[in-house]
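Colleague: Provided herewith is a single structure, encoded as structure tokens, for subsequent inquiry.
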Amino acid sequence: PGRSDVLWAATERRAEVEALFPDAGCVPDHPLPHGLLPELDAAAAENAAPALVRGHLDVSGPVTVDDLAAATGLSPSSVTIALEALRAGGFAVSGRFEPERGEQWCARRLLARIHGYTRERRRAEVRPISQEEWQRFLQSWWHAAPGTHLHGRAGLAEVIEQLQGFEWPAGEWERIVAERVESYRPEWLDDLCLSGEVVWGRLSVLKPATEGDDRAAVEPHQSSKTPSRRTPITFMLRQDLPWLLQAHRGALAPAEPTAGPGREVLDALRTHGALFHSDLQTTTGSLPTEVEEGLWDGVARGLISADGFNAVRSLLHARTRFARRQRPYPRTGSRGRRGTWRQGVEGRWTLLPPAQPIDDVEELAEAVAWQLLLRWGVVFRDVYLKERLAVPWREVLWALRRLEARGLVRGGRFVTGVTGEQFAGETTAPLLRLSRAS
């Protein structure tokens, strides 16, 4: 036979070789050592091909079926059957490790070593930036630096997607988005909310008050019935609301009021569904100011939201507007009706849905990891501590490591003066270099 037909094998493997290639000759023709069976049983003969392929995978790295067929002398179909058997046993894995070569196979242990070497090499290539450069990068990343502002309604939606889940005082949100969106107009925010694309509300859960206190969760030094510009809320894409509630609340639920306007408003919304402000007055039989107190109590607890953000503006300016617009006497046809005209479109008030039980912790942790990367560019433990999250840092860290192993994010030392592991998106690293250069 030609050189390409020559295969090498250890003498102790002769029985397996003869089972695979019954017509092949052995040169030199050494017999099996004494004590080894001259023939294999049926089970051992069936495992001969997987054993042959396994030996090649142990030393070859990622290879295709054709590569293994050429190296072992087996037919591609026999190699495929052997590989599937090895995969079933947890030894081999397949994937597109080199996209230009199609599907490849590799020993799991060897692939883990290759990934480890690649990860360490890529991490060593990262050059960190200083804390001052990091702060300058963040201003650009958040579109707050000159020349980085976004534009229009689409730009506002992009800002909300980046900031969703991070809570700021209710009275500060429009200033924050105005710093990031050129020529910001309040009606853009209302349009996004009223169209159903964006929802607002409080995600964090305050600790319940002591037993017998009907104001179970209030802002420090603030009555639960007083609209406060300092009440923390966030804006979110409605499609992301379910996992954001899980990530921020976990197994906790907001405490509910036991009496007063807050209880009446909550019961009305729970019984009748979403209601306009005037409908709440009719349903509860309360004065406008009492409805406003009950609504804000629900907002502060993380129980209530509304279709439009103008509802928050209305509550924050409720007393001033009411005093200015109250009529000295009722109009004809409005007996007993006090002046309650509300400027702008609020939409309907509604209950925030409860957080659903977490079925897949890893999937939730990956969603949190992606959100942190979108918000901060570079993620490490100090950044995580700035967020109010119920998902433990260890789960987020493991999710980031999995994303790095899949080549979706990059680990390394990106910022000096920070302890622990750091991770950044593949598109973030060039921006960090630009921040260092500027």
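Since every read-out is calculated from the coordinates, none of them should be taken as a lab result. Small disclaimer: the values here were computed from a predicted structure and weren't measured. Cβ placement follows ideal geometry from the backbone for every residue including glycine, while neighbour counts extend to all protein chains displayed.
Colleague: In Å, what is the Rg of the alpha-carbon atoms in region 243-297, and how long is Dmax?
Modeller: Radius of gyration, then largest Cα-Cα span, for region 243-297: 12.9, 37 Å.
Colleague: Dividing the convex hull volume of the alpha carbon atoms of region 352-438 by its residue count, what do you get in Å³ per residue? Walk me through the intermediate numbers first.
Modeller: On the way: hull volume 9.9 nm³, N = 87.
About 114 Å³ per residue, rounded to a whole number.
Colleague: Using each residue's phi in region 231-248, evaluate 6.51 cos²θ - 1.76 cosθ + 1.60 at θ = phi - 60° and report the 3J(HN,Hα) Karplus result to the nearest Hz, with x for Gly and Pro.
Modeller: Couplings: 5, x, 9, 9, 9, 9, 5, 4, 5, 9, 4, x, 6, 5, 4, 5, 5, 9 Hz.
Colleague: Which three extents, in angstrom, do the Cα atoms of region 75-162 have along their principal axes, listed largest first?
Modeller: Projected onto the principal axes, the Cα atoms of region 75-162 cover 64, 34, 24 Å.
Colleague: Arranged from highest to lowest average of other beta-carbon atoms within 10 Å per residue, in what order do the peptides 194-204, 251-261 appear? Don't skip to the end; give the middle numbers.
Modeller: Working: 194-204: 19.7, 251-261: 16.5.
Going from most to least packed, we get 194-204, 251-261.
Colleague: Moving on. Using a 10 Å cut-off on Cβ atoms, rank the peptides 47-55, 176-184 from the highest mean neighbour count down. Display every interim value, and only then the final one.
Modeller: Values: 47-55: 19.9, 176-184: 17.2.
In decreasing order of mean packing, 47-55, 176-184 become 47-55, 176-184.
Colleague: Can you compute the FRET efficiency between Asp359 and Gln135 using 1/(1 + (r/R0)^6), with r the Cβ-Cβ distance and R0 = 45 Å? Round to the nearest 0.05. Display every interim value, and only then the final one.
Modeller: Numbers: r = 39 Å, r/R0 = 0.86.
After rounding to 0.05, the efficiency reads 0.70.
Colleague: Let me ask you something else. Jot down the per residue volume, in cubic angstrom and as a whole number, of the convex hull over the alpha-carbon atoms of region 39-126. Mind dumping the intermediate values first?
Modeller: Working: hull volume 8.9 nm³, N = 88.
Measuring per residue, one finds 102 Å³ for the Cα hull of region 39-126.
Colleague: Additional query: Per residue, how big is the convex hull around the C-alpha atoms of region 116-191? Give it to me in cubic angstrom, could you?
Modeller: Numbers: hull volume 11.2 nm³, N = 76.
Each residue corresponds to 148 Å³ of Cα convex hull volume.
Colleague: Going highest first, how would you order 365-377, 72-84, 92-104 by mean Cβ packing within 10 Å? List each step's numbers first, then the result.
Modeller: Values: 365-377: 21.8, 72-84: 17.5, 92-104: 13.1.
Answer by packing, highest mean first, reads 365-377, 72-84, 92-104.
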